[in-house]
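S.K.: Supplied in structure tokens, the structure appears directly below.
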Amino acid sequence: MATTKRAAPRSKKAPETAAAAPPIESAPPVKRARRKKGPAEGSRGLPAGVLLAGPVPPEVDALAHAIQEDGGSVLAVYRDPLGAHPTVLAGLPLDRVEPTPFQRDLSEAHAKKLAAVIDKIGTFLDPIIAFRRPDGRYWTPNGRHRLEAMKRLGGRALVALVVPDERVAYQILALNTEKAHNVRERALEVIRMARSLAEAGSDRTEADFSFEFEEPALLTLGLCYEARPRFSGGSYHGILRATDAFLDVSLEDALAHREAEAQKLLALDDRVTEIAAALKARGFESPFLKPFVVARLNPLRFRKGAAMAVDDVLDHMLDAARAFDVGRVRHDQIARAAGPPMEEAA
């Protein structure tokens with residue numbers, strides 16, 4: 001009997017073991033910045049019903065008597081609703097009030113328009129801020145145009161919030177947010193303020209006035225604008241803002257340092273103006289010639305995050321300006337520097 005060979009069972013191929021996949025690392029949790037909670041509504045300051053309550057401090061009582069002796073009238077003594085600081089609401093003789101010598105220049109157009117509006121309404125509705133000086137005169141740090149308008153209308157008095165602390169005169173720039181100053185106005189106001197404080201013999205450093213002066217760049221730009229009223233400070237403002245710092249020296253020494261810094265900047269601007277004129281002579285027509293040249297001279301242009309002292313930056317830019325070759329500038333470079341056309345940028 002023939003035996004049938006049984007086919008040998010096929011050996012099952014062992015499945016290939018898959019290489020162990022590397023463990024998937026979970027992404028670190030994103031840290032969300034905690035939103036700062038503001039104070040709860042109605043949680044700060046004084047309630048309206050108690051602004052007239054409380055004893056009057058001796059210095060405020062003395063101020064109220066001085067106002068009356070100066071020919072003014074005290075309308076009320078109250079505590080301000082946020083910090084509870086005592087303030088005198090008073091009527092002041094117009095001929096005793098003058099603007100602080102360091103605020104922005106009078107705008108003839110603004111003064112004329114304001115006088116016409118006040119005259120038409122027939123009411124002076126916007127009290128100025130003022131403080132009393134030892135000579136019995138009053139300085140207003142923010143009411144130049146209202147004061148001028150009332151003078152032009154032949155007014156004899158105006159209403160003022162008279163504060164006992166004269167430091168408010170040097171802090172008013174920070175409060176001028178409704179009608180923002182341009183760079184020129186801010187710079188001139190800050191440098192005049194610094195000079196006034198230095199002449200008054202302040203023993204504080206420039207850095208101590210960082211709140212009042214806002215930016216160190218404004219001090220240097222202010223000196224440039226004083227020397228050259230049509231100085232194009234906007235072209236250099238960004239560079240100075242990124243590199244300048246308040247000085248930890250007396251105001252007198254700081255002003256001397258700023259003067260030297262301003263002279264460098266003015267020399268740089270002279271050379272930039274020459275380069276822009278040479279480019280124009282080669283047929284380049286653009287309102288952005290000076291900003292283009294300044295950008296090309298800026299040593300921080302391709303150094304993201306790099307830090308340089310302002311004096312080093314100005315020295316570098318002066319050297320680069322002296323060696324600037326107008327023959328290597330192309331039309332497309334200036335076109336790119338100017339940005340997209342107006343309709344594309346909108």
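Values quoted throughout were computed directly from the atomic coordinates according to the rules given, and no laboratory measurement underlies them. Computed from a prediction, not measured in an experiment: that's the story for all the values here. With ideal geometry, Cβ positions are generated from the backbone for all residues, glycine too; neighbour counts draw on all protein chains shown.
S.K.: Scale the Cα Rg of the range 181-346 by the rule-of-thumb value 2.2 N^0.38 Å and send over the ratio, two decimals.
M.R.: That works out to 1.13 for the range 181-346.
S.K.: Something else: Where does the charge balance sit around Glu148 when Lys and Arg score +1, Asp and Glu -1, over other residues with C-beta under 11 Å from its C-beta?
M.R.: Net local charge, Glu148 excluded: +3.
S.K.: Let me ask another. Using the 2.2 N^0.38 Å rule of thumb for compact globular proteins, work out how the range 111-267 stacks up: its C-alpha Rg over that value, please.
M.R.: 1.17
S.K.: Take the alpha-carbon centre of the range 222-298, take the same for the range 80-107, and report the distance between them in whole Å.
M.R.: Cα centroid to Cα centroid, the span is 35 Å.
S.K.: Can you return the aspartates and glutamates within cross-link range of Lys264? Criterion is Cα-Cα under 16 Å, with same-chain partners fewer than 8 residues away left out.
M.R.: Answer for Lys264, where 16 Å is the Cα cut-off: Glu226, Asp244, Glu274, Asp311, Asp312, Asp315, Asp319, listed by chain and number.
S.K.: Based on other C-beta atoms within 10 Å, arrange Leu46, Leu218 from fewest to most.
M.R.: So the ranking, lowest neighbour count to highest, is Leu46, Leu218.
S.K.: If you take the Cα atoms of the range 54-180, find Rg, then find the Kirkwood Rh from the mean of 1/r over all pairs, what is Rg/Rh?
M.R.: Over the Cα atoms of the range 54-180, Rg/Rh equals 0.96.
S.K.: Here is a follow-up. Quick check: net charge around Arg133, other residues with Cβ under 11 Å of its Cβ, Lys/Arg +1 and Asp/Glu -1?
M.R.: That works out to -1.
S.K.: Below 11 angstrom from the Cβ of Ala157, what's the summed charge of the other residues (Lys, Arg +1; Asp, Glu -1)?
M.R.: Cβ neighbours under 11 Å give a net charge of +1.
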